1. Inspect all residues belonging to region A:68-86 and state whether any of them is surrounded by fewer than 24 Cβ atoms within 10 Å (Cβ to Cβ), of a type in the set (S, T, Y) and either on the phi > 0 side of the Ramachandran plot or out of contact with any strand residue (DSSP E or B) (no Cβ under 7 Å at 6 or more places or on another chain) (or both).
2. Would you be able to say whether some residue in region A:433-443 is within 14 Å of chain B (Cβ to nearest Cβ), surrounded by fewer than 16 Cβ atoms within 10 Å (Cβ to Cβ) and closer than 30 Å to A:G178 by Cα?
3. Only residues in region A:423-435 that are assigned to a helix (DSSP H, G or I) and β-branched (V, I, T) count as the first member; pair them with residues that are buried (at least 19 other Cβ atoms within 10 Å of the Cβ) and modelled with pLDDT of 90 or more, Cβ under 6 angstrom, at least 6 apart or cross-chain, and list the lot.
4. Checking B:D230 against (1) away from every other protein chain (no Cβ under 14 Å); (2) farther than 27 Å from A:F345 by Cα, only one condition comes out false. Which one?
5. Quick check on my filter: what residues within region B:216-230 are of a type outside the set (F, W, Y) and surrounded by fewer than 20 Cβ atoms within 10 Å (Cβ to Cβ)?
6. Within region A:405-434, work out how many residues are closer than 25 Å to B:K67 by Cβ and touching a Gly at 6+ places or on another chain (Cβ under 6 Å).
7. Would you pick out the residues in region A:145-184 that are within 14 Å of chain B (Cβ to nearest Cβ) and either farther than 30 Å from A:D410 by Cβ or buried (at least 18 other Cβ atoms within 10 Å of the Cβ) (or both)?
8. Of everything in region B:140-172, what is among the hydroxyl-bearing types (S, T, Y) and closer than 22 Å to B:G243 by Cα? Give them in sequence order.
Amino acid sequence: MDFGNFLAALTPLNLAVAMFGVVAGTLIGSIPGLTATMAVAVLVPISFSMAPETALILLGAIYTGAIYGGAYAAILLNTPGTPSAIATTFDGYPLAKRGKGDLAVAIACFSSVFGGLVGAFALLFLAPPLASVALAFGPVEYFWLSIFGLSLIASLSEGNLMMGLAGGALGMIMSTVGVAEISADIRLTFGSHTMISGFEVVGAMIGLYCIPVLIDMCSTGEKHLKITGDVAKMPILSAARITFNSKFNLIRSSIIGTLVGILPGAGGSVAGLVAYTEAKRTAKPHQRFGEGEPDGIIATESANNATVGGGFIPTLVLGIPGTPPDAVILGALMVQGVRTGPELFQSNGSIVYTFIYGLLIATVLMLPIGLIIGRYAYKSIVTIPKAVLVPTVGFMTIIGTYAIRNSISDVVVMLCLGVFGWLISKYGFSASPIVLGLILGPIAEQGFVQAWTIGAAVNNLPGMFFGRPLSQAIIAFTLISLILPWYLSRKKQIKVDT
Amino acid sequence: MLIKKIAKHTAMLTMAAAVSMSASSTYADSVNYIIPFGPGGESDISARIQQSFYKEKFGDDLVISYKPGGGGAAGWASLNGLNGDGQTIMGVNLPHIVIKPAQKDVGFTTDGIHTFYMFHYTPDAIVVVADSPYQTLQDLIDDAKSKPGGVVMSGSGKASANNLAQIKFDKMADINTTYVSFKGTGASTAALLGEQVTAQWGYTSVGAKQGKAVRMLAVAMEARHPLFPDVPTFKELGYDMVGGAYRGIALPSSASAETVTTWSNRIGEINADPAFRKKMINGGFALLDIDASQMAEFMKERTTEYLMDARAAGLIK
């Protein structure tokens, strides 16, 4: 990692490629359904003719841009553009509803850049030791991590816990439809060939989040989002002030994002959710999460961009993709003829370090690019007449859902879930527990089955589930996050009573 | 004013649509190469390696798209409904296309898939970490004999190439190991490296990627892999095991005999290119040349073996 590699990352070509990657990634990521994985996969062929380090910079820049771009739709349309941005909707959309969409977009940009830098610096300085974290995580730890994620349902649905639990259970049942990932059983298809593919998470997410918003847009006459400030002026300074005043949240969420990114099999959606839970758990009394609290956006957006650098750690050190886009990037390197795996750092150190500097540069470039595109995105959504906005967004949801698996039935499922989501929202149900169940269900199931098989083989099931220090730590965190809010509100109640 | 506004927004809409479409489109003269899995897997990587050689040799673009779902079933069930003019081809995997329809009605049959070329396979291999006490295959067998079920092996998927290899080898060596299915080879390798399991039923491609971090005890090939001259084959050690995850390409059933021959020759030509071979071998793949004329015999042999092993293990009825 010498200065030469830094200069190599600064060649005009590498800079141009980083800039192009961030712009393309942000645009693609902002469209619901077009995920970071898709953005990288679609643009991989462009990279074949490039030198390996330039190709890597391009793909890394697209990836990080796409993760950030997912925030636009989350904030302005209540639809996560990528699964990583699920928790961004929780506070981003309420903030936008209150007329501060531009502020929310700018906060997301600052947080994403900060998180992205933390992840990239971890990759630069701590990659080999952190890679061992990925390996220490066994099936049982994934099981407990997903249980921890599911505990978020409790804090998401304060006041109507039963509804939240019902939604979570429904999501988990939906996740079992089709061919089971690790047992190869074909479940709950009721003889239908269509259902063999199961529910596609991104498509389901678009249906459950976006379609209700579109229906509501049609049913009311008022503007989609209130406008309070000057549309042409982005509140950059106040966004920066709000973001960097939450130093502690910013740093904690970025570290969570980096660590979760390192775990193959978790990814940006889990990172964002865990960081959000932690931010909410440690909230100050005046903060109202779920109603447009900037700290919610800061936590999610810094965490999900931190997973980019974090995910590259096992990818580059071990040859094991940390996240799905990393798998595509590893494949592109193989096509280039670069040997990946543990020998990559030794035999191709200059490629790796040039790339890491390139990723850092791309992350910094995301600040101006993200603010400019963000302002344009905000301006378009608030000024376009509804008569144009609704069909445009509707069209994009259909194309986006179709593109994930080239499947028309996914579109039908998405629309049905959309109507279902709209109906239950009228009865006070939230879609988020369903989506949490859908995402975390398979991780929990796989971890459980694998841990049980291994535990039974070594004749130590209790030790497998409860005896490992890492598991114990995750269990402790889960208990704290479940019991603490209940205990605190009890204490408050007693005070009021006496 | 309003018209101007609408025109502007329509332009934006078109741009967004163009971006969206590029994810799933096919261009006029290009060939649509559908992979029935998501991007980033070994089927995708080997197709990507073919992609650049195809363009170089035949001038047209090979556009790769993905249709994942149901462990490949969604793609294969749709294959025969596609246009058979030779502009659309689809990746095919063994043992998947044999095992899936044998489990349940999944919308396609093994015989209904018209595979015209099997171009490579990733040979099965038993992999252990570098500091494992198992130096040889015999060490693993001895250990497994001393504690039935206590040797835990990771692998990718159930009723998959890895799983069938484990079942077959357990029978041959008269041992009883525990197989733990993971989602993909990456996850199964991570479990091995983190020593969550004792050994892995993996592929030669794991050895190629992991280098000195792992040791392969044996590979399921006719002769040793050029990348690993020191690793014995199962055959050398007295176990008649040759196989792995096979990958090929199919056309819709409506394709004419002429189209099938043309395509079979094209893929054969790419397979014969020394630069292509070198890339594939460095990735740990083993090349295979089963063209359209040899396919029926090859498929019959494979199908019989897979179904027998899977039935014996209770994976199918």
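The values are calculated or read from the model by the stated rules, or taken from the named source; none is laboratory data. All values reported here derive from a predicted model rather than from experimental measurement. Cβ coordinates were reconstructed from backbone atoms using ideal geometry, including for glycine residues, and neighbour counts include every protein chain displayed.
1. Taking every residue of region A:68-86 in turn, none turns out to be surrounded by fewer than 24 Cβ atoms within 10 Å (Cβ to Cβ), of a type in the set (S, T, Y) and either on the phi > 0 side of the Ramachandran plot or out of contact with any strand residue (DSSP E or B) (no Cβ under 7 Å at 6 or more places or on another chain) (or both).
2. The answer is no; no qualifying residue exists.
3. These pairs meet every condition: A:I434/A:G167; A:I434/A:G171; A:V435/A:M205.
4. (2)
5. Scanning region B:216-230 gives B:E222, B:A223, B:R224, B:P226, B:L227, B:P229, B:D230.
6. 5
7. A:S146, A:S175, A:V177, A:G178, A:V179, A:A180, A:E181, A:I182, A:A184
8. B:S154, B:S156, B:S160 - these are the residues of region B:140-172 that are among the hydroxyl-bearing types (S, T, Y) and closer than 22 Å to B:G243 by Cα.
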